[in-house]
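Below is one structure; the comments refer to it alone.
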Amino acid sequence: PTPKVPLPAAPKVATRMVAGLRVVTQRLTGERLVAQLWLRGGRFQGARGAADLAQRARCVAQQGRAKAIAGAALRGWVTPEHTVFEVVCPIKELQPCLELLRALRDAPLPLGAVAEARRQGQRPPEAGAAGALEGAMAKAFPDDPWGKGAGAEPADQAVVSFHRNYQAALVVLLGDRPKATFDAAVVRAFDAKGAAAPVSLPDSGRVWRLR
């Protein structure tokens, strides 16, 4: 299972943008920024394997933009209900980092990126109990997220159009900038037009970042 890594306890503040975007920020000292974009739309939606391949293809398509940000690292992952993109970069690259996240959500997906993502994702079938379990789950639950593994081969159009399943975006920003600076940067990058009142988030005062 994916480990959960606790970050230092600090006040966490959320803002709901008028465009439906939600922004969660946490002040951390240092020169590093961790920016995540959570989109509702995962293995529950679309054809079998479409969410996983769409996530990889979007990362492939935006690698050039990511490499243009000094010191940036881009990755993504998929859950049954969400697709997540994460960029780690120097805090001074806040604006281009957010523009990269916007492109990951909204930019058209070229078929060439889908083909490259297929090539990168190819792997031999797992042997032994793990492979048998994966095959059994796919056959027993073809329409369930746990049966929609990354090894499936959805049609190109199902992958290209998967972004239509992306809804209710959540931006998580961890870095050494005031909340107002983070909010203003999100408004510029996502054309969110402004922010409403802060949203209360009941939690233990600790942010957990999935690795």
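The values are calculated or read from the model by the stated rules, or taken from the named source; none is laboratory data. All figures in this text were calculated on a predicted structure; none of them were measured in a lab. In this analysis, Cβ positions are derived from the backbone assuming ideal geometry, glycine residues included, and neighbour counts consider all displayed protein chains. All accessible areas refer to the heavy atoms of the entire protein, side chains included, with ligands and DNA or RNA removed. Shrake-Rupley method; radii C 1.70, N 1.55, O 1.52, S 1.80 Å.
For segment 164-191, the candidate set comprises residues that are under 13 Å from V23 (Cβ atoms) and of a type in the set (K, R); within that set, the residue that is surrounded by the most Cβ atoms within 10 Å (Cβ to Cβ) is K179.
For segment 40-53, a tally of residues being surrounded by 20 or more Cβ atoms within 10 Å (Cβ to Cβ) and either in contact with a strand residue (DSSP E or B) (Cβ under 8 Å, 6 or more places away or on another chain) or acidic (D, E) (or both) returns 5.
Restricted to segment 137-163, and to residues there that are assigned to a helix (DSSP H, G or I) and at pLDDT 90 or above, the residue that is most open to solvent (accessible area, probe 1.4 Å) is Q157.
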